[in-house]
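Q: Take this structure, written in structure tokens, and hold onto it; I'll ask about it next.
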Amino acid sequence: MLPSPFQFERPSTIADAVRAVGNSGDGMFYAGGTELLLALKMRVIRADRLIDIKGIPGLDCIVVNGVNEIEIGARCTHRKISGDPVIREHVPALASLCAEVANTRVRNVGTIGGNLCFGEPHADPPTMLAALNARLVLEGPRGTREIHADDFIRSEMETVRDPDELLRVIVFPRPAGPVTYRRFKHGERPSVNVAMAWSLNADGSMIRSARVRVGALGSRPQPLLAVEDALRNVAVAEARQAIETALSAALDQLEVNADRHGGADYKRHLAGVLLLRSADEAVTAGGSWLK
């Protein structure tokens, strides 16, 4: 099936792209198109105009900025992120995640911004970026605004981004400790995924704070607050025991949708297994992180 007819525009600046897409909902930004073009061909969605942003400079940069934060341009492909030296040095778990997103074709052309804006519940990057305390910078006719990754996805296939806002960059603090990501999947999408980021003290022996997110259970990544509380100011060597103590109650608080990936109890169980394996990985990585 072919998509409904549409116009195609190639602006050279963000401001021109925002003006071109308009706010009526009949225009859409286009970068990799791995999700968008399929939806258009299936006529699940319709666009009268596609605004190609691939020619806009600066949307595919990866840098450490002046306040020790990592910035990833929204047009960066999964392949670029997986091989970027900044990401491989500071957040190797994110590089590994992007190296295994979907399939080779998707990784080569699909962008991290497109992945986030599509709002697919069974996706890899949103869970990791929420654990990294990332902020998503949107540019629109009303100016610039930042949305925390935790708040970006509103529900299944729906985000807080307005149709005339362009996701420009993803920003997060350079990790101060090990970051882990684990998932269980069949096919190309995760059934359950878990991301965890620790902030360690100066000698790496204590966990000052932790962020733990579980994805693909409901419509958006969810925090395990009880586990985060249990890990605060705990010795790295005692992290697994702390997680085991808090895990059951934390999992019970999660919103879990039974779907083709499994029943609710099964997916909760998987989340717990993945988190404990992540803890073992983080404990092992804690010492090497200081080197």
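Q: Report the antiparallel proportion of the DSSP beta bridges in region 1-151 as a percent, rounded to a multiple of 5.
A: Antiparallel bridges make up about 60 percent of those DSSP assigns within region 1-151.
Q: Using a 7 Å offset from the Cα along the Cα-to-Cβ direction at both N68 and D26, what is the distance between the two label points in nm, to one decimal?
A: It works out to 5.1 nm between the two label points.
Q: I need the calculated FRET efficiency for the pair R88 and H186, taking r as the beta carbon distance and R₀ as 30 Å, to the nearest 0.05.
A: Values: r = 28 Å, r/R0 = 0.93.
Result of the calculation: an efficiency of 0.60.
Q: Which length gain, in nm to one decimal place, applies between S209 and M157 when the Cα-Cα distance is subtracted from 0.36 nm times their residue separation? Before the final figure, lay out the partial values.
A: Details: separation 52, 0.36 × 52 = 18.72 nm, distance 3.10 nm.
Value of the extension gain: 15.6 nm.
Q: FRET efficiency for R174 and L2, Cβ-Cβ distance as r, R0 = 41 Å, nearest 0.05? Could you put the intermediate results ahead of the total?
A: Details: r = 46 Å, r/R0 = 1.11.
Rounded to the nearest 0.05, the efficiency is 0.35.
Q: Which option, [x] 19.3, 60; [y] 24.0, 89; [z] 23.6, 67, is the value of Rg and Dmax of the Cα atoms in Å that was calculated from these coordinates?
A: [x]
Q: Output the relative contact order of the chain, whole-number percent, from Cα pairs under 8 angstrom with separation of 6+ residues.
A: Values: 632 pairs, mean separation 42.7, N = 291.
Reported relative contact order: 15 percent.
Q: Let me ask something additional. For the chain, which whole-number percentage of the solvent-accessible area (1.4 Å probe, protein heavy atoms only) is attributable to carbon and sulfur atoms?
A: Details: 6660 of 13170 Å².
Here it works out to 51 percent.
Q: Of the listed peptides 229-241, 261-273, 161-173, what is their order by residue-averaged count of other C-beta atoms within 10 Å, with the highest listed first?
A: Values: 229-241: 16.5, 261-273: 18.1, 161-173: 20.9.
Answer by packing, highest mean first, reads 161-173, 261-273, 229-241.
Q: Give the Cα extents of region 62-173 along the principal axes, in whole Å, largest first.
A: 35, 34, 22
Q: Where q = 0.11 Å⁻¹, what log10 of I(q)/I(0) comes from the Debye formula for region 179-284, counting one point per Cα?
A: The calculated log intensity ratios at q = 0.11 Å⁻¹ are -0.31.
Q: How big is the equivalent ellipsoid of region 7-49 along its three axes, where each semi-axis is √(5λ) from the Cα gyration tensor, reported in whole Å from largest to smallest? Could you put the intermediate results ahead of the total?
A: Numbers: eigenvalues 76, 28, 11 Å².
Semi-axes from the Cα gyration tensor: 20, 12, 7 Å.
Q: Right, next: To the nearest 500 deg cm²/dmol, what mean residue ellipticity at 222 nm is calculated for the chain from DSSP H runs of n ≥ 4 alone, each contributing -39,500 (n - 2.57), summed and divided by the residues? Each step should come with its number before you reach the end.
A: Details: 12 runs with 105 residues, N = 291.
Rounded to the nearest 500, it is -10000 deg cm²/dmol.
Q: If you don't mind, there's one more thing I want to ask. Rg to Rh ratio, region 229-282, alpha-carbon atoms and Kirkwood radius?
A: Details: Rg = 12.5 Å, Rh = 12.0 Å.
Ratio value, two decimals: 1.04.
Q: Extending each Cα 7 Å along its Cβ direction at S219 and D52, get the distance between those two points in nm, one decimal.
A: 3.5
Q: Quick check: with the 1.4 Å probe, what order do S209, S278, S12 take by accessible area, largest first? Mind dumping the intermediate values first?
A: Working: S209 50, S278 0, S12 70 Å².
Sorted descending by solvent-accessible area, the residues read S12, S209, S278.
Q: Can you tell me how much longer the chain between E255 and N108 gets when fully stretched, taken as 0.36 nm per residue apart minus their C-alpha distance, in nm with one decimal?
A: Gain on extension, E255 to N108, equals 49.6 nm.
Q: Further, regarding this structure: Between L37 and R142, what's the calculated FRET efficiency when r is the beta-carbon distance and R0 is 30 Å? Round to 0.05.
A: Details: r = 29 Å, r/R0 = 0.96.
Taking R0 as 30 Å, the efficiency between L37 and R142 is 0.55.
The values are calculated or read from the model by the stated rules, or taken from the named source; none is laboratory data. In this text, all values refer to a predicted model and were calculated from it rather than measured experimentally. We place every Cβ from the backbone using ideal geometry, glycine too, and count neighbours over all the protein chains shown. What goes into the accessible areas is simple: the full protein's heavy atoms, side chains included, and nothing from ligands, DNA or RNA. Shrake-Rupley method; radii C 1.70, N 1.55, O 1.52, S 1.80 Å.
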